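The values are calculated or read from the model by the stated rules, or taken from the named source; none is laboratory data. These numbers come from a predicted model, not from an experiment. Virtual Cβ from ideal backbone geometry, glycine too; neighbours counted across all protein chains shown. These area figures cover heavy atoms from the full protein model, side chains too; ligands, DNA and RNA do not enter into them. Shrake-Rupley method; radii C 1.70, N 1.55, O 1.52, S 1.80 Å.
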Amino acid sequence: MGVSKNNELLRDALREKGVPVITIDTSVGQLSHNRNIRYHLARLRANLGAALKLIRSAKRIYIVPDGGLGIIYSLAHIALASLLSEEIFIHHRTFKYIDRNSACLALALWLSRSKATHIFLSNEMALKFQRTYGPVNFVVSGNACFVARNEQRASYSRCPQIALGHLSNLCAEKGFFLTADLFETLAKEFPSMTFKIAGPIVAPEVDVRLRELLNQFPDQVAYVGAVYGRAKQEFFQTIDAFVFPTLYPLEAQPNVIYEAMASGNLILATDRGCIAEMVPAGAGLVIADPSKFTNETAAFVRANVQGRNLTAQKAEIIKHFEQERLKASSQFSTLLELFA
């Protein structure tokens, strides 16, 4: 997941600056989209172990609060840190408890109020948070700095053909079915349109729907499985528009959108977390109401994308990404200095 990757990059950057870091891992090695009794028991064991390590080693604490039921564990850890530590850095990487007030988080904020510095992904996120919970001491550090430039990006347009792409953990929460419906709607009108899908299948119903698409549009649909590193960059080079109608309640500022923009891809997404802030005018379409995603996005593609030369538009999207990356890199440097 993006949160885990970004936390690892932060840890490594601190160690490079000579800051000693003790990692307390609460992950359970299982996708959170598959929540069952084994998953919850594993999380309980991991968090009990984390609490013991916290008691033994905590002086300055960095924590990313959970946005789901795991906020109970986050409350316990922040309560311990409030008693034992000198400083607490609380990094907010979800909008779930911003969009809907959380009593657990409110209590955690009260317990840590004299020691906490809050970290937000954008200024708008900080404003929304404080409207819900009141003023806090905070800094802003965005995710764009964690996304590499796509040095091998394509500089040509595939006009009049357009390629749509979707990359994620393939499930309803991450928008697979809305993406499939959109392509099915457009593919019947535009036989030259292609659809490339990447990522692990994490729900059995996805496999059924994917097979339907492959059977119905054998020359237009391709599933390439999970992709990482160079293969992921190549995936984004071979598409024109990245479709990401996420319904995931923990969504914040997904790296994958910046990864798509690094190759100049248009973004066709739903309005979750920071996504509307990430996609400027001219870089795609962000739909507030998921029930309208298929119809409104199909209309946008017909009017603005299909049959157009996208070279200039791609260049502008890449330019915007580079500006966001530069800004986030400066914010990240400030954050590291604060930790150090």
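Applying 1/(1 + (r/R0)^6) with R0 = 41 Å to the Cβ-Cβ distance of SER114 and ALA276, what FRET efficiency is obtained, to the nearest 0.05? Calculated value: 0.75. Rounded to the nearest 10 degrees, the inclination of helix 71-84 to the longest alpha-carbon principal axis of the chain is 40 degrees.
The modelled label-to-label distance between LEU336 and ARG11, using points 7 Å beyond Cα along the C-beta direction, is 1.7 nm. Placing a label point 7 Å from the Cα of ALA172 along the Cα-to-Cβ line, the residues of the range 202-218 whose backbone N sits under 20 Å from it are 202-213.
Ranked by the mean number of other Cβ atoms within 10 Å of their residues, highest first, the peptides 245-252, 132-139 fall in the order 245-252, 132-139.
Under 5 Å between amide hydrogens, built in the peptide plane, is the criterion, and for HIS118 it picks out ILE90, ASN137, PHE138, VAL139 among residues at least 5 positions away or on other chains. In order along the range 132-140, phi translates into HN-Hα couplings of 7, 10, x, x, 9, 7, 8, 10, 10 Hz, rounded to whole numbers, per the Karplus curve 6.51 cos²θ - 1.76 cosθ + 1.60 with θ = phi - 60° and x for Gly and Pro.
Extending 7 Å from the Cα toward the beta-carbon at both LEU326 and GLN161 defines two label points whose distance is 3.6 nm.
Karplus-based coupling profile of the range 116-130, in residue order and whole Hz: 8, 10, 9, 10, 10, 7, 7, 5, 5, 4, 5, 5, 4, 4, 6, with θ = phi - 60° in 6.51 cos²θ - 1.76 cosθ + 1.60 and x standing for Gly or Pro. Excluding ligands, DNA and RNA, the accessible surface per residue across the chain is 47 Å² with a 1.4 Å probe.
Give, in nm to one decimal, the length gained when the segment between ALA299 and ALA315 is fully stretched (0.36 nm per residue of separation minus the Cα-Cα distance). If you can, show how the numbers build up before the last one.
Numbers: separation 16, 0.36 × 16 = 5.76 nm, distance 2.33 nm.
The ALA299-ALA315 span can extend by a further 3.4 nm.
Restricting to DSSP H runs of at least four residues, report the calculated mean residue ellipticity at 222 nm for the chain, -39500 (n - 2.57) per run over all residues, nearest 500 deg cm²/dmol.
-15000 deg cm²/dmol
Protein-only accessible surface at a 1.4 angstrom probe places the residues CYS104, CYS171 in the order CYS104, CYS171, largest first.
Peptides 120-127, 68-75 ordered by packing proxy, namely the average of other Cβ atoms within 10 Å per residue, highest first: 120-127, 68-75.
Quick check: residue separation of ILE72 and LYS292 times 0.36 nm, minus the Cα distance between them. What number comes out in nm? It would help to have the intermediate numbers written out before the result.
Numbers: separation 220, 0.36 × 220 = 79.20 nm, distance 3.46 nm.
Using 0.36 nm per residue and subtracting the Cα-Cα distance, I get 75.7 nm.
Given R₀ = 41 Å, what would the calculated FRET efficiency be for LEU84 paired with ARG230, taking r from the Cβ atoms and rounding to 0.05? So the FRET efficiency works out to roughly 0.40. Pair-distance distribution P(r) for the range 180-277, from all Cα-Cα distances in 5 Å bins starting at 0: 2, 11, 21, 23, 24, 15, 4, 0 percent.
Around THR132, what is the net charge, scoring Lys/Arg as +1 and Asp/Glu as -1 over all other residues with Cβ under 12 Å from its Cβ? The partial results should precede the final answer.
Details: positive: LYS96, ARG100, LYS128, ARG131; negative: ASP99.
Within the 12 Å Cβ shell, the charges total +3.
Roughly to the nearest percent, how much of the accessible area of the chain is carbon and sulfur, given a 1.4 Å probe?
Details: 8590 of 15830 Å².
Answer for the chain is 54 percent, counting heavy atoms of protein chains only.
Each part reduced to its alpha carbon centroid, the range 179-197 and the range 86-148 end up 39 Å apart.
Measuring against 32 Å, Cα to Cα, the residue pairs LYS5/LYS196; LYS292/LYS314; LYS115/LYS319; LYS59/LYS96 contain LYS115/LYS319 as the ones spanning a longer distance.
From the C-alpha coordinates alone, can you work out the Kirkwood hydrodynamic radius of the range 231-327, in Å? Kindly include the intermediate steps, with their values, before the conclusion.
Details: mean 1/r = 0.0736 Å⁻¹.
Mean inverse Cα-Cα distance, inverted, gives 13.6 Å.
The alpha-carbon positions of the chain define a convex hull whose volume is 129 Å³ per residue.
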